[in-house]
1. Among 75, 68, 42, which is the only one that is touching a residue at least 24 places away in the same chain (Cβ under 8 Å) and within 24 Å of residue 28 (Cα to Cα)?
2. Could you pull out every one of the helices (runs of 4 or more DSSP H) wholly within region 1-106 that has 3 or more residues that are in contact with a helix residue (DSSP H, G or I) (Cβ under 9 Å, 6 or more places away or on another chain)?
3. Could you pull out the residue among 107, 88 that is surrounded by 12 or more Cβ atoms within 10 Å (Cβ to Cβ) and modelled with pLDDT of 90 or more?
4. Please go through region 81-133 and give me each residue that is over 25 Å from residue 60 (Cα atoms) and either touching a strand residue (DSSP E or B) at 6+ places or on another chain (Cβ under 9 Å) or in contact (Cβ under 8 Å) with a residue 60 or more places away in the chain (or both), ordered by number.
5. If residue 54 passes every condition in (1) more than 29 Å from residue 144 (Cα to Cα); (2) in contact (Cβ under 8 Å) with a residue 60 or more places away in the chain but one, which one does it miss?
């Protein structure tokens, strides 16, 4: 196997992954999954549930948001692709800043109300949820501004 053919296959695989999107119908599926999981998360607050329910519902909510994020638009052209790419970049930078700054804000506010406050980082769900929500909101806003 030649080195150039390996590089070409790897390049082809990366290009395929870069262009990966779900069909437009998955956007509706994503909304149904997300709203159902969110509703169940609210309902579970009123009941005593097993320990596995919260992480399970959190994961389902993230999958629903990911479906929405990865689903094509009705008209998917290069412009929409560019807006989607911009929204992912903006979300990535904002979430990194959020993840770096928010624990200090929480710590400062906690000290104002409780002298025993400790500095805690964000968990994976908070970061991924925020990233997907920011990406979707920025994408929708960019689409709206560029109509």
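1. That would be 68, the only listed residue that is touching a residue at least 24 places away in the same chain (Cβ under 8 Å) and within 24 Å of residue 28 (Cα to Cα).
2. Passing ranges, in order: 25-44, 53-70.
3. When all the criteria are applied, what remains is 88.
4. Correct list: 83 only.
5. Going through the list (1) more than 29 Å from residue 144 (Cα to Cα); (2) in contact (Cβ under 8 Å) with a residue 60 or more places away in the chain, residue 54 breaks only (2).
The values are calculated or read from the model by the stated rules, or taken from the named source; none is laboratory data. Note that the structure is a prediction, hence the values are computed from the model and not measured. All Cβ positions, even for glycine, are placed from backbone atoms using ideal geometry, and neighbour counts span all protein chains on display.
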